[in-house]
1. For TYR180 and ARG91 in one chain, what is 0.36 nm times their gap in residues minus the Cα-Cα distance, to one decimal in nm?
2. Please name whichever of PRO143, ALA73, THR127 sits farthest to the positive end of the charge dipole of segment 58-165, dipole taken about the Cα centre and charges placed at Cβ: Lys and Arg +1, Asp and Glu -1.
3. Quick check on the chain: what does the Kirkwood estimate of hydrodynamic radius come out to from the alpha carbon pairs, in Å?
4. How big is segment 93-237 by Rg and Dmax over its Cα atoms, in Å?
5. Let me check I have the definition right: for segment 7-60, take the eigenvalues of the Cα gyration tensor, multiply each by 5, take square roots. What are those semi-axes in whole Å, largest first?
6. Treating the angle as unsigned and between 0 and 90°, give the value, to the nearest 10°, between the Cα long axis of helix 230-242 and the longest Cα principal axis of the chain.
7. To the nearest 20 debye, what is the magnitude of the charge dipole of the chain about its Cα centre, counting +1 on the Cβ of each Lys and Arg and -1 on the Cβ of each Asp and Glu?
8. Once neighbouring chains are kept in place and the probe is 1.4 Å, which whole percent of the accessible area of the chain is contributed by carbon and sulfur?
Amino acid sequence: MQFDIITIFPEIFSGVFDFGIVRRAVEASLIEIHIHDLRDYTHGRHRQVDDRPFGGGAGMVMKPEPLFRAVEAVTTGVPDVNVALLSPQGRLFGQPVAEEYARKSRLVLICGRYEGVDERVVEQLITDEVSIGDYVLSGGEIPAMVVVDTVTRLIPGALGCEQSAERESFSGGLLDYPHYTRPAEYRDLKPPEVLLSGNHAEIERWRRRKSIEKTLRRRPDLIRDRTLSEDEQREIEEILKEIDE
Ligand code: 9D3
């Protein structure tokens, strides 16, 4: 996967991809991340990327010409490319969108700034407009980092131990169970007995149950939106009775 990020603040990305799973994916040539300074695609001495909105009003709008030039420079002759604009008006970026992107070979991310981009850019160049959630950020750069991180984890081989990928998709849609590690006693606090029992079937059942319990309490929407097997349905009924108190 090649990511191309178009931004007026390329320096924001210094260092952010130099750690952990994303760094390893770059080193293993599983991904490439190219940062493009939108000002490099301006003409004229002022390197102007924004201008006042037609019709008046507060704030500035990103000019179309630099964005057309930048996107065309990066996508010309490239098949199978998504051009995503990060903007508050986009559809919500979640695991399903990440899975869709992970199947592509190229992804262009345009970081919105100011009040937004000229609508002709949206109509002509953008295949996809995405937001990372309902809160107000200062621009699309942090959302672009979120997209790169999330999509990279879905690329085969990126997580190293394939088990992690399996676990992530298997328990998919549920919150994690509680984790414990050594010491076995700390300030008189102990982990649940079952985790020290060595009984792996019991441990699996406990974890699964804790996942469902936590999800029901904290994110019931995740359960409602899932298609459940009969086993799962029965387990949920049981847990609901118990936590009813
Ligand atoms: C007054 C209308 N505002 C739109 C809701 C103005 C506005 C706020 C924030 C215009 C641009 C921005 C900058 N935000 C992004 O570019 C952005 C964003 C976000 O703010 N939240 C969640 N996801 C994203 S993706 C890009």
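The values are calculated or read from the model by the stated rules, or taken from the named source; none is laboratory data. Here the structure is a predicted model, which is why all the values come from computation and not from measurement. Cβ placement follows ideal geometry from the backbone for every residue including glycine, while neighbour counts extend to all protein chains displayed. What goes into the accessible areas is simple: the full protein's heavy atoms, side chains included, and nothing from ligands, DNA or RNA. Shrake-Rupley method; radii C 1.70, N 1.55, O 1.52, S 1.80 Å.
1. Between TYR180 and ARG91, full extension yields 28.4 nm more.
2. Positive-most Cα among the choices belongs to ALA73.
3. Values: mean 1/r = 0.0473 Å⁻¹.
For the chain, the Kirkwood estimate is 21.2 Å.
4. Answer for segment 93-237, Rg first and Dmax second: 20.3, 64 Å.
5. 34, 13, 9
6. Around 70 degrees separate the two axes.
7. Working: 32 positive and 44 negative charges, 91 e Å.
My answer is approximately 440 debye.
8. Details: 7690 of 15440 Å².
Using a 1.4 Å probe with all protein chains present, the chain comes out at 50 percent carbon and sulfur.
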